[in-house]
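Notes to accompany the following structure.
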Amino acid sequence: MPPIPCPCGTGLPLVDCCGRALSGTAPAATAEALMRSRFTAFAEGDADYLLRSWHPDTRPRRVELDPDQRWVRLEVLGRTGGGLLHAEGTVEFRAHYLEGAGQGVLHENSRFTRSDGNWVYWGTVR
């Protein structure tokens, strides 16, 4: 049986890509890797990971995922900072989803920062 491809679009198997971050076996190495893992968490319905990977100062009490929304494709449009030696970074992306008989796109420029040495989602850049 062939491995399941990662929903984030890298072409890697889920287990070798975002699966490590979601399972807690390896933190995301860059802001983009964290953003990709968060997209995968939306695609896989993993609300717990979304909360764990959110900065404590901006994290909501809970995340309610819409069971009728299916996240199907991610496009990374650009990034600033967010590398191995950075403390902050941004990632601009388009996340495509299906909902009922329709489709939609979320276009966001997200801010990421480090908390206790790990990348976390801060929020949308305004």
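Got at least one residue in region 98-116 being more than 22 Å from Pro7 (Cα to Cα) and among the small types (Gly, Ala, Ser)? Let's see the steps before the verdict.
Within region 98-116, the first condition is being more than 22 Å from Pro7 (Cα to Cα), and the residues that meet it are 113-116.
Next cut, among the small types (Gly, Ala, Ser) only: 115.
There is at least one residue in region 98-116 that is more than 22 Å from Pro7 (Cα to Cα) and among the small types (Gly, Ala, Ser).
Can you tell me which residue within region 101-116, out of those that are farther than 19 Å from Val76 by Cα and without any contact (Cβ under 8 Å) to a residue 60 or more places away in the chain, is most open to solvent (accessible area, probe 1.4 Å)? Spell out the reasoning first.
Filtering region 101-116 down to residues farther than 19 Å from Val76 by Cα leaves 101-102, 114-116.
After this cut, where a residue has to be without any contact (Cβ under 8 Å) to a residue 60 or more places away in the chain as well, the list is 101-102, 114, 116.
Working: Ala101: 119, Gly102: 34, Arg114: 71, Asp116: 154 Å².
Looking at the filtered set, the residue picked out is Asp116.
Scanning region 1-16 for residues that are open to solvent by 70 Å² or more (accessible area, probe 1.4 Å) and within 19 Å of Val76 (Cβ to Cβ) gives Pro5, Leu12, Asp16. Among the residues making up region 60-99, a single one is among the basic types (Lys, Arg), in contact with a His (Cβ under 8 Å, 6 or more places away or on another chain) and closer than 22 Å to Arg111 by Cβ: Arg94.
So which of Gly45, Gly78, Gly19 is surrounded by fewer than 17 Cβ atoms within 10 Å (Cβ to Cβ) and out of contact with any strand residue (DSSP E or B) (no Cβ under 6 Å at 6 or more places or on another chain)? Talk me through it step by step, then tell me what you get.
Numbers: Gly78 fails: out of contact with any strand residue (DSSP E or B) (no Cβ under 6 Å at 6 or more places or on another chain); Gly19 fails: surrounded by fewer than 17 Cβ atoms within 10 Å (Cβ to Cβ).
Checking each option against the conditions leaves just Gly45.
Residue selection: Leu84 satisfies the criterion of being at negative phi and at pLDDT below 95.
State all residues of region 4-34 that are of a type in the set (Val, Ile, Thr), out of contact with any Lys or Arg (no Cβ under 9 Å at 6 or more places or on another chain) and in a loop (DSSP other than H, G, I, E, B); if no residue qualifies, say none. Within region 4-34, Ile4, Thr25 meet the criteria. Can we say Arg70 is of a type in the set (D, E, K, R), open to solvent by 70 Å² or more (accessible area, probe 1.4 Å), out of contact with any Cys (no Cβ under 8 Å at 6 or more places or on another chain) and more than 22 Å from Pro5 (Cα to Cα)? Judged against the criteria, Arg70 is not a match. Checking each residue in region 85-100 for being of a type outside the set (Asp, Glu), open to solvent by less than 80 Å² (accessible area, probe 1.4 Å), closer than 19 Å to Thr30 by Cβ and free of Cβ contacts under 8 Å to residues at least 40 places away in the same chain picks out only Ala87.
The values are calculated or read from the model by the stated rules, or taken from the named source; none is laboratory data. In this text, all values refer to a predicted model and were calculated from it rather than measured experimentally. Every residue, glycine as well, gets a Cβ built from its backbone with ideal geometry; the counts of neighbours run over all protein chains shown. For accessibility, only protein heavy atoms count, side chains too; no ligands or nucleic acids. Shrake-Rupley method; radii C 1.70, N 1.55, O 1.52, S 1.80 Å.
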